[in-house]
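J.: I have a structure here, written as structure tokens, and I will follow up with some questions on it.
Read-outs throughout are calculated quantities, based only on the coordinates presented, and are distinct from any laboratory measurement. Keep in mind that this is a model prediction, so the values were computed, not measured. Note that each Cβ is placed from the backbone with ideal geometry, even for glycine, and that neighbours are counted across all protein chains shown.
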Amino acid sequence: MLDIQKAARLIKEDGLYTFIYNEMKELSGKEGLTVEEILHLLNENPKFLDDYKTLNSQSEISNIQIREQIINKDDSEECKSIKKKINENRRKLLSLEAYGNEPDSMLYAVWIGSAVIFTIFVIHNLVVLYTYWYENHPFYVYLFYLFSVISGFLFYRKKIRDHHRLHKKFREIEKETKTLIEKGKEKGCIDKIYTD
């Protein structure tokens, strides 16, 4: 739900996107690019658009650039309905934006694996320093470690499943919103879609 024109302009003018601009110049073999040339490269090579979206996410800049639609009194009932639904979808997309991409299973594995290892480390140190459980009850100590690993694995699978489910929901809402925007344009309900 990006304004690709705005993306092309920012890549050319905003220092945040310098590395993308430099890659585009290198690919095109030119010293400088116009906004139209950048736009062409964004359409031709999806990698640049993915880099742009990733950089926005890392910089806490939303990739949902749809403008809140103002519902006027003189709008037809159909236009009011379209604008209202676009506004609802916009809010949903903003709340689900973190799930806009397919889940990165390696990221979840590292995050959850680190938490499990830290938990085992803390428990191990507490048992060694304050108890004699390794001498008296080693089976239970190692059973707890195994329980921690299995719990971490099950939590990992749950997070991946949840991410897939929310990603699917995000894509459905995104598709519906695009359809509504096109319908709104056809009916003359919407004049400005993206934020400045």
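J.: Please state the relative contact order of the chain as a whole percent: Cα pairs under 8 Å, 6+ residues apart?
T.: Values: 146 pairs, mean separation 53.1, N = 196.
The value is 27 percent.
J.: Given H placed 1.01 Å from N in the peptide plane, which residues other than close sequence neighbours of Y194 have an amide H under 5 Å from its amide H?
T.: Long-range HN contacts for Y194: R67.
J.: Just in the range 94-196: which chymotrypsin sites (Phe, Trp or Tyr not before Pro) are loop by DSSP and have at most 11 other Cβ atoms within 10 Å? The partial results should precede the final answer.
T.: On the way: sites: Y99, Y108, W111, F118, F121, Y130, Y132, W133, Y134, F139, Y140, Y142, F144, Y145, F147, F153, F155, Y156, F170, Y194; in loops: Y132.
Qualifying residues, ordered by number: Y132.
J.: Can you list the lysines whose alpha carbon is less than 19 Å from that of K92, not counting same-chain residues fewer than 8 positions off?
T.: Reachable lysines: K53, K80, K83, K84, K168, K169, K175, K178.
J.: Once you've got the GNM for the chain with C-alpha springs shorter than 10 Å, pick whichever of I20, I150, I71 has the biggest mean-square fluctuation.
T.: Largest GNM mean-square fluctuation: I150.
J.: Same structure again: Between [x] 49; [y] 69; [z] 63, which entry matches percent of Cα pairs over 20 Å apart as derived from the coordinates of this structure?
T.: Entry [y].
J.: On C-alpha positions alone, give me the angle between the axis of helix 77-95 and the longest principal axis of the chain, in degrees, nearest 10.
T.: 30
J.: Specify the angular offset, from 0 to 90 degrees and rounded to the nearest 10, of the alpha carbon long axis of helix 35-44 from the longest principal axis of the alpha carbons in the chain.
T.: The angle comes out at about 50 degrees.
J.: Could I ask something else about it? Please determine, in degrees from 0 to 90 and to the nearest 10, the orientation of helix 4-13 with respect to the longest principal axis defined by the Cα atoms of the chain, where the helix direction is its Cα long axis.
T.: Helix 4-13 sits at roughly 80 degrees to that axis.
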